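Below is one structure, written out as structure tokens; comments come after it.
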There are 2 protein chains.
Amino acid sequence: MDGVLADFETRFLEEWKRKFPNHPKVPLEERKTFYLAESYPGGLKKEIEIILSAPGFYENLEAISGGKEALAKMQKLGHDVFICTSPISKYENCVLEKYRWAEKNLGFEWTKKIIMTKDKALVFGDILIDDKPEHKGARKPAWKHVLFEAPYNKHVKDKLRITWSNWERILE
Amino acid sequence: MDGVLADFETRFLEEWKRKFPNHPKVPLEERKTFYLAESYPGGLKKEIEIILSAPGFYENLEAISGGKEALAKMQKLGHDVFICTSPISKYENCVLEKYRWAEKNLGFEWTKKIIMTKDKALVFGDILIDDKPEHKGARKPAWKHVLFEAPYNKHVKDKLRITWSNWERILE
């Protein structure tokens, strides 16, 4: 969901500048790691958490252009499509807002397709489209991981990389 | 979660009597079907939904006695235990309250073990302990279904039936 359907990074940076204007900021292009806490100087973990756990953060993420249309096309082609997403540990706003986000940006029917889990390796599937570079879970995943392009996963060379303008190559 | 760890039925009946004292009620012992809407006379679907989607319904379910201890024992024996639960379609209160329920009744660490999905067949596992008589999902489940005993699943004869006083037979 985040970084694939919902534009997590843009909003995080906006909120970061607004709430902590005197702290160093890392523009998206310079983000080298998936986890924000690893991209930002040590000692700012609590500030990152403040932003992510604030009411409205997840609900108000902008949709990443082309995502909704890609989901519709996948379904039209006969694929069974689900939204597999991991909540942050401070779940209070995140969990419900992910459902609200799906309803608002994709339509109510998609809320029934959400699979919310910290460990995506526990979910069946043929393909997982995700921006996270690596998945370490309780088992070896059944799905093939297709990487949704982001600056922080540029170093991954052994996976098919897509955006919503060229995703159809996964069908080949 | 509901009907296995959380006592859904008792609270539903209490709320039903309180909110709709003039409607017919079905005591737990007489419930023949898993879905409330099928147990109650036609035309009461909306009233059932009012109860289930009300703020506090899921959060305030009582814990089923022995559940927490059984989970702890499973973990102690080396099993990887998750809480697989399906939200109602009117997700607004249900989704978050299931996380809160787990934190309050089992402890915060268990909120990280929640897998929230309408379709449990999409989740890996060796065993699913569930009160729902049958699972029809997008695929054939990988897990063996162990039935948590309830009046509405008495008709199922081909599955191992347990309660929290005799669950250890699943280890045999």
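Values quoted throughout were computed directly from the atomic coordinates according to the rules given, and no laboratory measurement underlies them. All values reported here derive from a predicted model rather than from experimental measurement. Backbone-built Cβ (ideal geometry, glycine too); neighbour counts: all protein chains shown.
Set the Förster distance to 35 Å, then compute FRET efficiency between B:Arg18 and B:Gln75 from the Cβ-Cβ distance, nearest 0.05.
Working: r = 37 Å, r/R0 = 1.07.
Given R0 = 35 Å and the Cβ-Cβ separation, E is 0.40.
As I understand it, the dipole of the protein assembly as shown uses +1 on the Cβ of Lys and Arg and -1 on the Cβ of Asp and Glu, about the Cα centre. Which of A:Val123, B:Leu77, B:Ala142 lies farthest toward its positive end?
Projecting each Cα onto the dipole axis, the largest value belongs to B:Ala142.
With Rg and the Kirkwood Rh both taken from Cα atoms, where does Rg over Rh land for segment A:56-160?
0.94
Could you compute the FRET efficiency for B:Ser165 and B:Lys144, with r as their C-beta to C-beta distance and R0 at 25 Å, rounded to 0.05?
0.75
Given a Förster distance of 35 Å, report the FRET efficiency between B:Lys136 and A:Glu103 from their Cβ-Cβ distance, rounded to the nearest 0.05.
0.90
Given label points at 7 Å from Cα along Cα→Cβ, what nm distances, shortest first, separate B:Phe20 from the same residue in every other copy?
Nearest to farthest, the other copies are at 5.0 nm.
Report relative contact order for chain B in percent, whole number only (criteria: Cα-Cα under 8 Å, sequence separation at least 6).
Relative contact order of chain B: 22 percent.
Just to check I understand the Karplus step: with θ = phi - 60° and J = 6.51 cos²θ - 1.76 cosθ + 1.60, what whole-Hz values come out for segment B:75-83, glycine and proline as x?
4, 4, 7, x, 7, 8, 10, 10, 10
Could you give the distance between the Cα centres of segment A:86-104 and segment B:1-29, to the whole Å?
The two parts, judged by their Cα centres, are 28 Å apart.
Show me, for segment B:24-37, the HN-Hα J-couplings you get by feeding each phi into the Karplus relation (A = 6.51, B = -1.76, C = 1.60, θ = phi - 60°), rounded to Hz, glycine and proline as x.
Values, residue by residue: x, 10, 10, x, 3, 4, 9, 6, 9, 10, 5, 7, 3, 4 Hz.
Name the residues whose placed amide hydrogens come within less than 5 Å of the amide hydrogen of A:Asp131, ignoring near sequence neighbours (fewer than 5 apart) on the same chain.
Distant-sequence amide H within range of A:Asp131: A:Phe148.
5 Å is the cut-off here: which amide hydrogens, built 1.01 Å from N in the peptide plane, fall below it relative to A:Ile115, excluding neighbours closer than 5 in sequence?
Here the answer is A:Ile83, A:Cys84, A:Thr85, since their amide H atoms fall under 5 Å of that of A:Ile115.
Taking only DSSP H segments of four or more residues, each worth -39500 (n - 2.57), what value at 222 nm results for chain A once the sum is divided by all its residues, to the nearest 500 deg cm²/dmol? Spell out each step's value before the answer.
Values: 5 runs with 51 residues, N = 172.
The helix-only estimate for chain A comes to -9000 deg cm²/dmol at 222 nm.
Using a Cα distance threshold of under 16 Å, what count of lysine pairs results for segment A:1-84 when pairs must be 8 or more residues apart or interchain?
Qualifying lysine pairs in segment A:1-84: 8.
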